Amino acid sequence: MPMLTPLVIAGESSAEPEGLSPAPDANTNEGPTGRIRRTSLMWLERHRKTLYRNIIESDSFEGPEWMREASTDYIYDMKIYQSLTVYTFLHLTHCVKDPGLLSAFHTHIKAWKEWDVMQSLKYHRIIRDHLRALLVKVI
């Protein structure tokens, strides 16, 4: 079975960041499911931090503080498609003057935030297709 190499994000070392993955207790046997869950949670947290750093903390981010806070919420509250969600939100707020599209966006986001991870994965096409449809209407 081929070994997978860890993904290294530009500017980061390949070592696991401190605090993201505490060593399992020597007396417990977490098994492969526990390791997979821990690894996926570490990846998600690293992905969110990278998004935050690249979008929110970027010098090129233009917009009022409420827009920065809303974007941060989307990064940390959405289970999937965080990048597409933030991109769509920023595009709707910067490039469109149609409050109906932004209202539809917020209505759907509110519902999707209530889904658990399994619902988000099961119905990921609904989220993706809706966000894409909003971008097509704008562009």
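What follows is calculated from the coordinates using simple rules that are stated; it is not laboratory data. If you're wondering where the values come from, they're calculated on a predicted model, not measured in any experiment. All Cβ positions, even for glycine, are placed from backbone atoms using ideal geometry, and neighbour counts span all protein chains on display.
Coupling constants for region 62-79 follow from the phi torsions by the Karplus curve (6.51 cos²θ - 1.76 cosθ + 1.60, θ = phi - 60°), and in residue order they are 10, x, x, 4, 4, 6, 5, 5, 5, 4, 4, 4, 5, 5, 8, 9, 6, 7 Hz; glycine and proline get x.
Cross-chain or 8 or more residues apart, Cα under 16 Å: how many lysine pairs in region 49-139 fit that? Count them up, please. Lysine pairs meeting the criterion: 6. Across all C-alpha atoms in region 32-138, the radius of gyration and Dmax reach 14.6, 50 Å. Spacing of the modelled spin labels on Arg68 and Lys137, each 7 Å from Cα toward Cβ, amounts to 3.0 nm. Between Arg35 and Val117, the FRET efficiency estimated from the beta carbon spacing at R0 = 25 angstrom works out to 0.90. Counted residue by residue at 0.36 nm each, then reduced by the alpha carbon distance between them, the extension gain from Val96 to Lys110 reaches 3.0 nm. Label-to-label distance for Thr50 and Ile126 is 2.9 nm, based on points extended 7 Å past Cα in the beta-carbon direction.
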